[in-house]
Amino acid sequence: MAELKGRVIVITGGETGIGRSTVELLAARGAHIVIGGVLDDEGAATVEAVKRQGGSAEYIRTDVRFLDQVDNLVEGAVSRHSKIDALINNAAVFDGFVNVLETTDGLWEQIMNVNLRGPFWTCRAVIPHMLKAGSGKIVNISSIGGIAGYADGPAYTASKHGLIGFTKQIACEYASQGIAINAVCPGAIETNVRGNSAKLLGDHAPAKMGGAGSDNSWLARVVPANRKGKPEEIAELIAFLVSDKASYINGQSFVIDGGWTAK
Ligand SMILES: NC(=O)c1ccc[n+]([C@@H]2O[C@H](COP(=O)([O-])OP(=O)(O)OC[C@H]3O[C@@H](n4cnc5c(N)ncnc54)[C@H](O)[C@@H]3O)[C@@H](O)[C@H]2O)c1
């Protein structure tokens, strides 16, 4: 299936988890993927895996907390490929379920800078190129923590709620100019998000980073599907939203959680 043939897609945090599955799926459908991330070994391994499967991808080290690195990612993609058809803001770190009293200023700032300011910066850099082309798709990876207050800690929850508001505002602003901007809200997915977050947050990582969810006994209680989702299942939704099939969808948030929030 080559429905994305010739498309250039930029994704942040595409080295692992949901991002990596998305990279592999989009590349298998013909797109060239530009991955911006901070886990260099995993980034190289993802590019290698895509190439082994006959696809095309590159990795540009990009810490989305730094504006010059975000600009370098976008300019790198545009200078080499002359366009960006889609942007997926997937990079994020988790706050380990600490409560508001345990949330330090440093943790709050790190979570906001990665999860919310990062997408603001990538969108601000990418949208002018999409406006010039008269088309573009942006998918912001939020969370069920972006629509409810029970799934995560306060910093992560606020950042993911903010990302949905940001998505709606820019979608309204640019819908008439060919740009579609949507959010995806996964529930509990089988990834190493806590492990990666603990590593990336360093001194800001709360002691509780292992947190609820390390033992899966809660799943039967809260998730009707009684299992975690697979990264590939999220990738399918993202792939649909960046495709031409999603031609009249804008400013929406799509929950994909095995029924968790339906309870
Ligand atoms: N796994 C879940 O249960 C779950 C649930 C809801 C939402 N999500 C969201 O899905 C997305 C992917 O998470 P995942 O579960 O695959 O976890 P993950 O830790 O495997 O992926 C996060 C990615 O973000 C990258 N990243 C972190 N800080 C960065 C920075 N400063 N600059 C650039 N890249 C950075 C990491 O290197 C990693 O590749 C995130 O937005 C996350 O909030 C995950």
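None of the figures in this text is laboratory data; all of them are computed from the coordinates on show. This one's a predicted model, so the numbers in the text were calculated from it and none came from an experiment. As a convention, Cβ positions derive from the backbone with ideal geometry for all residues, glycine included, and neighbour counts pool all protein chains shown.
Cα-Cα over 21 Å: which of Lys228/Lys263; Lys51/Lys137; Lys137/Lys160?
Pairs exceeding 21 Å: Lys51/Lys137.
Once the convex hull of the alpha carbons of the range 34-80 is built, what does its volume come to per residue, in cubic angstrom?
Roughly 51 Å³ of hull volume per residue.
How large is the translational diffusion coefficient of the chain in µm² per second when you combine the Kirkwood radius over alpha carbon pairs with Stokes-Einstein at 4 °C and 1.567 mPa s?
It comes out at roughly 71 µm²/s.
Using alpha carbon centroids, what distance separates the range 26-70 and the range 104-158, in Å?
Centre-to-centre (Cα) distance: 19 Å.
Along each of its three principal axes, how wide is the spread of alpha-carbon positions in the range 4-130, in whole angstrom units, largest first?
Between the extreme Cα coordinates on each principal axis of the range 4-130 lie 49, 30, 20 Å.
Could you rank the peptides 193-200, 217-224, 155-162 by their average count of other C-beta atoms within 10 Å per residue, with the highest value first?
Output ranking for 193-200, 217-224, 155-162: 155-162, 193-200, 217-224.
Which net charge results for the neighbourhood of Ala239, defined as the other residues with beta-carbon distances under 12 angstrom from its beta-carbon, given Lys and Arg at +1 and Asp and Glu at -1?
So the surrounding residues net to -2.
Between Ser56 and Lys5, what length in nm is gained on full extension when 0.36 nm per residue of separation is reduced by their alpha carbon distance?
17.3 nm
Report the full-extension gain for the segment Ala262 to Ala49: residue separation times 0.36 nm, less the Cα-Cα distance, to one decimal in nm.
Length difference between fully extended and current span is 73.0 nm.
On average over all directions, what projected area in square nanometres does the range 141-226 have, based on the convex hull of its Cα atoms?
7.1 nm²
Please give, to one decimal in nm, the separation of the simple spin-label points placed at Glu75 and Tyr248, each 7 Å out from Cα toward the Cβ.
Going by the 7 Å Cα→Cβ label model, 4.1 nm.
About its Cα centre, what dipole magnitude does the range 8-262 give when the only charges are +1 on Lys and Arg Cβ and -1 on Asp and Glu Cβ, stated in debye to the nearest 20?
The calculated dipole for the range 8-262 is roughly 540 debye.
Multiplying the sequence separation of Leu67 and Lys199 by 0.36 nm and subtracting their Cα-Cα distance, what value in nm do you get?
Full extension of this stretch gives 45.4 nm more.
Expressed as an acute angle from 0 to 90° and rounded to the nearest 10, what is the orientation of the C-alpha long axis of helix 118-133 relative to the principal long axis of the chain?
Computed tilt is about 20 degrees.
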